[in-house]
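J.: This is the structure, below, for whatever I ask next.
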Amino acid sequence: MTTLVWFRDDLRLADHPALTAACEDPEGIVALYVLDEVSPGVRPLGGAARWWLHHSLAALRDALASRGVPLVLRRGAAAEVVPGVAAESGASAVTWNRRYGAEREIDAGLKESLRAAGVDARSFPGGLLHEPWTVTTRAGGAYRVYSAFWRACQERPAPAEPLPEPARWSPAPRQPDGEELTEWGLLPSAPDWAAGLRERWEPGEASADERLADFLRLDADEYASRRDVPASGATSSLSPHLRWGEISPRTVWHRALRSGADVGVFLGELGWREFAWHTLFHHPDLHRRGLDPRFDAFAWERPDPAEVGAWQRGETGFPLVDAGMRELWRTGSMHNRVRMVTASFLVKNLLVDWRVGESWFWDTLVDADAASNPFNWQWVAGCGADAAPYFRIFNPLTQAKKFDPDGAYARRWAPDSEARPEIVDLRATRERALAAYAALSAR
C-alpha cells in the first residue's frame with residue numbers, strides 16, 4: 001500500500017511522527033503540502049508569514065528531493081484536496097501531525113470521511129511537549145495561571161525523546177502532479193519589501209538545527225540574565241523555526257537539557273509557548289474574543305488613524321517603542337521585552353483595542369502563530385490568561401532606562417526618535433487607562 005503524509009506546520013524531516021509512520025510503508029510515500037486559505041477556521045497568513053512559508057517549503061522540497069521523494073504542492077480546501085490526492089496516488093493510508101486550533105475540526109472531518117472510504121487515516125503528536133487534553137485542571141478545563149499550568153506539566157512524565165529522521169525513503173510509484181511554488185505568489189514583488197527579512201533569516205530545518213546549536217553553545221548560560229536586554233543578542237531566535245515546525249519542541253527540550261548549560265529559564269519559555277497552545281485548544285476563537293468576558297464592555301477609544309499609523313511606523317517619539325516597531329518592519333521580528341512595551345503603548349496609552357495590534361503583528365511577524373500572537377496580546381491587554389494585574393502599564397521610558405540604559409538598541413533601529421515629538425502624554429494617558437480599568441473592575 002501507499003501512504004500519503006500531509007505536511008502542515010511541521011516542515012521538517014526529524015522528529016516527525018507522521019512522516020516516520022508513513023516511511024514504514026514498503027510501497028512508498030507521497031509527500032503533500034496543501035495551501036488552504038479557504039476552509040472555515042483557517043486564518044489567512046500575513047505577509048511576513050507568507051514570505052517565510054515560501055522559503056521553508058523550498059527547503060523542505062529540496063530536502064525531500066535529495067532523498068528521492070517529491071513534494072506535491074496543491075491549493076484549495078483540505079477536505080477536498082487530501083482525499084483527491086490520496087485517490088490519484090492510490091494511497092490506502094494518510095498520516096498527519098495534529099493541529100490544536102479551529103483547524104482540528106477540518107482534520108476530524110477528514111479522518112471520518114477517509115475512513116468511510118476505506119483509507120486508514122492516522123494523526124500523531126508532533127507540535128507540543130504535551131497533548132492539551134493531558135494537562136487540565138481537576139475540573140477538566142484549561143489552566144488560567146501559568147505557574148500552576150507549568151507545575152502540572154512538570155509533574156507529568158518527561159516529553160518523549162525526539163525521533164530521528166526516517167532511515168528508509170521510498171517514493172510511491174504513482175506521484176500526483178503538483179503546482180509550482182512560485183505560482184502561489186507568497187513572495188512580495190510590487191514592492192519587494194523583504195530585503196530585511198532576507199538579511200536576518202534563513203528558513204528551513206538545517207538553519208533551525210544550526211541556530212539551536214549556536215544558542216546552546218554561545219548564549220544559553222547567559223540567557224536568564226540577559227534575555228530582557230534587547231541589544232544583547234542573547235535570545236535563541238528559534239521562534240519562527242518553532243512556529244513553522246522546522247524543529248520540534250521535543251528536540252529543543254532534550255538537546256537543551258543535554259547541553260549542560262543553565263537552561264531552566266529558557267525551558268520555561270517553551271512552557272509559556274505550550275501554555276498559549278493549550279489555551280487555544282480550549283478557546284479556538286482566541287484572536288477574536290478575550291478570555292475575560294468583562295472586556296466585552298471595555299471602553300476602548302475609537303482608533304485615531306494618525307496615532308495608530310505613528311505606532312505602526314515607529315514614529316511615536318518614544319525611542320524604545322519606535323525601535324521595536326522599526327525592527328519589526330525591517331526583520332519580521334521584535335525582541336520579546338520590546339513586544340510587551342510596544343503592545344502596552346498601543347493598548348493602554350492609546351487605549352486601542354488589542355485586536356488592532358494583534359492583526360498588525362499577525363501581518364508583520366514571521367513567527368506569528370494562531371496561539372502565541374493573540375494569547376500574548378490578550379495578556380498585555382489584561383483580558384487573557386495569567387493577566388493579573390491586568391491594569392499593568394509598561395512605561396516605555398522606564399523600560400528603556402532599565403533594559404536599554406545606554407540606548408544601543410534604540411540608536412540601532414530608531415536613531416531619530418528622540419528628536420521626534422511625543423505623540424501622547426504618558427502621565428495623562430496612564431491616568432485615562434487606569435480610570436477605564438477601574439470602571440471595568442467595578443462591574
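Read-outs: derived from the displayed coordinates by stated rules, not from any lab. Please read all numbers here as calculations on a predicted model, not as lab measurements. FYI the Cβ positions are ideal-geometry reconstructions off the backbone, even for glycines, and counts take in every protein chain you see.
J.: Step through the residues of the stretch 99-108 one at a time and calculate ³J(HN,Hα) from phi using the Karplus curve (6.51 cos²θ - 1.76 cosθ + 1.60, θ = phi - 60°), rounding each to whole Hz and writing x for Gly and Pro.
T.: Along the stretch 99-108, the couplings run 10, 10, x, 4, 5, 5, 5, 4, 5, 5 Hz.
J.: Which whole-Hz ³J(HN,Hα) couplings does the stretch 176-185 yield from phi under the Karplus relation 6.51 cos²θ - 1.76 cosθ + 1.60, θ = phi - 60°, glycine and proline marked x?
T.: Along the stretch 176-185, the couplings run x, 5, x, 8, 7, 4, 5, 6, 6, x Hz.
J.: Would you mind ranking TRP169, TRP51 so that the residue whose beta carbon has the fewest other beta carbons within 10 Å leads the list?
T.: Going from least to most buried by this count: TRP169, TRP51.
J.: If neighbour count is taken as other Cβ atoms inside 10 Å, put LYS348, LYS401 in order from fewest to most.
T.: LYS401, LYS348
J.: Continuing with the same structure: Of the peptides 228-239, 411-422, how do they stack up when ordered by the mean number of other Cβ atoms within 10 Å, highest first?
T.: The most tightly packed comes first, giving 228-239, 411-422.
J.: Give the cross-link partners of LYS348 among the aspartates and glutamates, using a straight C-alpha distance below 15 Å as the criterion and excluding same-chain residues fewer than 8 apart.
T.: Partners within reach: GLU301, ASP304, GLU307, GLU358, ASP425, GLU431.
J.: Would you mind telling me the antiparallel percentage of the DSSP bridges in the chain, rounded to 5?
T.: 0 percent
J.: Measuring from a point 7 Å past the Cα of ASP304 along Cα-to-C-beta, which residues in the stretch 331-355 have an amide N at less than 20 Å?
T.: Of the residues in the stretch 331-355, 342-355 have backbone N under 20 Å from the label point off ASP304.
J.: Fewest first, what order do HIS287, HIS335 take by the number of other Cβ atoms within 10 Å?
T.: HIS287, HIS335
J.: Taking θ = phi - 60°, what integer Hz values does the Karplus form 6.51 cos²θ - 1.76 cosθ + 1.60 yield along the stretch 367-378, in sequence order, with x for Gly and Pro?
T.: 9, 5, 10, 5, 9, 5, 5, x, 4, 6, 5, 5
J.: Sticking with this one: Taking amide H positions as placed in the peptide plane 1.01 Å from N, state which residues far from ALA93 in sequence (5 or more) or on other chains have amide H under 5 Å from it.
T.: Hits under the 5 Å cutoff: THR2, LEU4, ASP120.
J.: What residues have an amide H closer than 5 Å to that of GLY245, excluding those fewer than 5 places away on the same chain, when H is modeled at 1.01 Å from N in the peptide plane?
T.: Close amide H contacts, sequence-distant or interchain: LEU11.
J.: Starting from the Cα of TRP184, step 7 Å along the direction of its Cβ; do the same at TRP133; then give the gap between the two resulting points in nm.
T.: Modelled inter-label distance: 3.0 nm.
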